[in-house]
Amino acid sequence: MAKPKPLMTKSSGPDDGAVQSALRTLDAEASGVAALSAALKSDLGAPFTAASELIGKAKGRLIVTGLGKSGHMGRKIAATLASTGTPAFFVHAAEAGHGDLGMITTDDVIMALSWSGEQPEMRNLIAYAARFGIPLIAMTADKDSTLSKAADVQLTLPKAREACPHNLAPTTSTLMQAAIGDAIAIALLEGRGFTATDFSVLHPGGKLGALLKYARDLMHGGDALPLKPLGTKMSDALVEMTSKGFGCVGIVDRHDHLVGIITDGDLRRHMRPDLLTVTVDEIMTRTPKTISRDTLAGEVLELLNASKITTLIVTDAKKPVGIIHLHDLLRAGVA
């Protein structure tokens with residue numbers, strides 16, 4: 001049986017047709033985002049502020065709606081807003097007229113996505129919002145569309161050519177919708193002072209949840225902490241290093257303040273015949289890098305990588321209270 005031919009007979013390069021197509025797509029989409037940025041500095045700025053304030057002051061939730069590709073973008077926008085502290089969920093525009101309007105209360109704000117602003121499925125939502133006095137934000141590319149004219153706030157996005165060579169498949173337009181949705185989410189996040197601690201409450205799972213754990217959640221404390229006082233002979237310090245298994249030993253003064261650390265690297269740098277008889281004072285690295293109990297796991301990992309070390313001692317008012325090894329971050333799913 002003949003062997004199947006490889007899909008490609010040469011490596012892809014800048015002259016490859018697929019790469020050139022991809023570059024044209026990215027150029028087209030980048031031009032759309034650039035046009036969006038320019039619009040925010042001009043006519044889009046005031047309605048963007050109005051929309052952000054309307055959502056931020058709502059007693060209820062933000063209801064994001066749309067259908068087709070705009071619906072998919074609406075789901076993404078609602079998810080981003082919810083994950084950054086703005087209560088939001090998605091209602092499909094077509095399903096709204098078949099009972100899902102009951103999900104929307106008079107305390108809510110509706111944000112409807114439609115590039116043309118003329119989908120007939122939007123009429124039920126428009127009528128419902130008008131009947132019960134629910135604020136309506138329209139995200140369209142046509143300020144004269146039915147949806148825009150019915151809205152309290154018009155987010156009119158600049159018209160841009162789709163990346164599709166036929167200017168048909170929603171590509172540039174959906175990216176622009178996602179981008180303005182992200183911009184609203186971050187503006188609201190910054191406006192309410194949403195912190196990493198708040199973020200961790202909403203993201204307890206997966207790697208992101210692991211990155212948002214604290215040093216206090218991962219550290220080893222108590223008898224597991226390798227410590228020796230100043231003046232200790234290196235022979236005793238090596239026993240402590242070996243028994244605790246972290247590849248280091250912290251050195252404390254008479255006030256139990258951390259004043260130094262001895263690592264495997266220090267041993268290699270100071271290897272000499274009398275190493276076991278000298279005191280830790282001669283071998284230790286002074287003023288070692290430390291972290292607090294409230295340091296985020298992601299920051300711990302960043303510091304370990306930046307410093308090219310594998311262990312950090314956790315201190316409280318200069319006193320060592322715990323220790324974290326790179327392996328602890330690996331087990332927790334941080335690294």
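The values are calculated or read from the model by the stated rules, or taken from the named source; none is laboratory data. Not measured: the values here are computed from a predicted model. Positions of Cβ are backbone-derived with ideal geometry, glycine not excepted, and every protein chain shown enters the neighbour counts. These area figures cover heavy atoms from the full protein model, side chains too; ligands, DNA and RNA do not enter into them. Shrake-Rupley method; radii C 1.70, N 1.55, O 1.52, S 1.80 Å.
Per-residue answers, yes or no, for (1) at pLDDT below 95; (2) within 30 Å of Q154 (Cβ to Cβ); (3) part of a loop (DSSP other than H, G, I, E, B); (4) open to solvent by 90 Å² or more (accessible area, probe 1.4 Å):
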{"position": "S11", "(1), (2), (3), (4)": "yes, no, yes, yes"}
{"position": "A18", "(1), (2), (3), (4)": "yes, no, no, no"}
{"position": "S37", "(1), (2), (3), (4)": "no, yes, no, no"}
{"position": "T49", "(1), (2), (3), (4)": "no, yes, no, no"}
{"position": "I55", "(1), (2), (3), (4)": "no, yes, no, no"}
Looking at (1) modelled with pLDDT of 90 or more; (2) within 34 Å of the chain's Cα centre (by Cα), find the lone condition where Y214 falls short. (1)
Can you name every residue in the range 282-297 that is surrounded by 14 or more Cβ atoms within 10 Å (Cβ to Cβ) and more than 22 Å from A317 (Cα to Cα)? I283
Out of all the residues in the range 257-281, which are within 15 Å of L326 (Cβ to Cβ) and open to solvent by less than 20 Å² (accessible area, probe 1.4 Å)? G265
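In the range 105-151, what count of residues is obtained for those that are hydroxyl-bearing (S, T, Y), crowded, with 16+ Cβ neighbours inside 10 Å and in contact with a helix residue (DSSP H, G or I) (Cβ under 9 Å, 6 or more places away or on another chain)? If you could, list the steps in order and put the result at the bottom.
Step one: list which residues in the range 105-151 are hydroxyl-bearing (S, T, Y), which gives 105-106, 114, 116, 128, 140, 145-146, 148.
When the remaining residues are screened for being crowded, with 16+ Cβ neighbours inside 10 Å, the result is 114, 128, 140, 145-146, 148.
Right, trim to in contact with a helix residue (DSSP H, G or I) (Cβ under 9 Å, 6 or more places away or on another chain) and you get 114, 128, 140, 146.
Count: 4.
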Considering only the range 72-80, I want to know if a residue exists there that is more than 27 Å from the chain's Cα centre (by Cα) and crowded, with 16+ Cβ neighbours inside 10 Å. no
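Open to solvent by 50 Å² or more (accessible area, probe 1.4 Å), under 16 Å from L227 (Cα atoms), modelled with pLDDT of 90 or more and part of a loop (DSSP other than H, G, I, E, B), is that true of R254? Before the answer, list the steps.
Numbers: open to solvent by 50 Å² or more (accessible area, probe 1.4 Å): yes; under 16 Å from L227 (Cα atoms): yes; modelled with pLDDT of 90 or more: yes; part of a loop (DSSP other than H, G, I, E, B): yes.
Yes; evaluated as a whole, the condition is true for this residue.
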Every listed condition ((1) outside any loop (DSSP other than H, G, I, E, B); (2) open to solvent by less than 70 Å² (accessible area, probe 1.4 Å)) holds for D236 save (2)
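Residue-by-condition table, conditions (1) modelled with pLDDT of 95 or more; (2) small (G, A, S); (3) within 36 Å of the chain's Cα centre (by Cα):
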residue	(1), (2), (3)
G231	yes, yes, no
T242	no, no, no
G250	yes, yes, yes
L258	yes, no, yes
D274	no, no, no
